Amino acid sequence: MRVDAGAETVHRGYLDRALAPAAALYGGDVVTISAPPGTLPPPPATLPQALRDTHRAETRRMLPGHMGTGPIAAVRGAKRGRVLQIDSEHIAPHHDRGHVACRALRGALPHDFAEPHLIRVALDRDRMPEKRLRPAR
């Protein structure tokens, strides 16, 4: 199963149990979740239209806040009071760009940066090692 980042599945700065689940799973199911870019890279970078739509969507936003895809809130057969275990098996970049942001007068080094900074980084996915967190099934 796959849940892609898009205007209907991405939330910025909050998760709310009132949100409709983006997927319903059975115990043992594997789901692939794509993450949206926190900022849109400038041209000539290309992104799927659905990811651009996430930034234009008229949705509830809490800023500052990270963007997340989901929720994956429905686990069929789950019972209240039982333990839910989630294992991350694999992490891979979804885009060919990344960024590092620093807000002025905030965060871990509030007095070291008087102005906001945004550094964009090109990623060469062909040269990145694959990161498996658990052995493949």
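Report whether or not Gly77 is touching a Gly at 6+ places or on another chain (Cβ under 7 Å), modelled with pLDDT under 75 and either farther than 23 Å from Arg12 by Cβ or surrounded by 11 or more Cβ atoms within 10 Å (Cβ to Cβ) (or both). Write out each step before concluding.
Numbers: touching a Gly at 6+ places or on another chain (Cβ under 7 Å): yes; modelled with pLDDT under 75: no; either farther than 23 Å from Arg12 by Cβ or surrounded by 11 or more Cβ atoms within 10 Å (Cβ to Cβ) (or both): yes.
No; evaluated as a whole, the condition is false for this residue.
Quick one: count up the residues across region 80-116 that are of a type in the set (A, V, I, L, M, F, W, C) and under 19 Å from Pro42 (Cβ atoms). Before you say what the answer is, go through the steps one by one.
Step one: of region 80-116, the residues of a type in the set (A, V, I, L, M, F, W, C) are 83-84, 86, 91-92, 100-102, 104-105, 108-109, 113-114.
Those left that are additionally under 19 Å from Pro42 (Cβ atoms): 100-102.
So the answer is 3.
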Scan of region 15-38 for residues that are under 12 Å from the mean Cα position of the chain (by Cα), of a type in the set (Ser, Thr, Tyr) and surrounded by fewer than 16 Cβ atoms within 10 Å (Cβ to Cβ), ordered by number: Thr32
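The values are calculated or read from the model by the stated rules, or taken from the named source; none is laboratory data. This structure is a prediction, so every number in the text was calculated from the model and none was measured. FYI the Cβ positions are ideal-geometry reconstructions off the backbone, even for glycines, and counts take in every protein chain you see.
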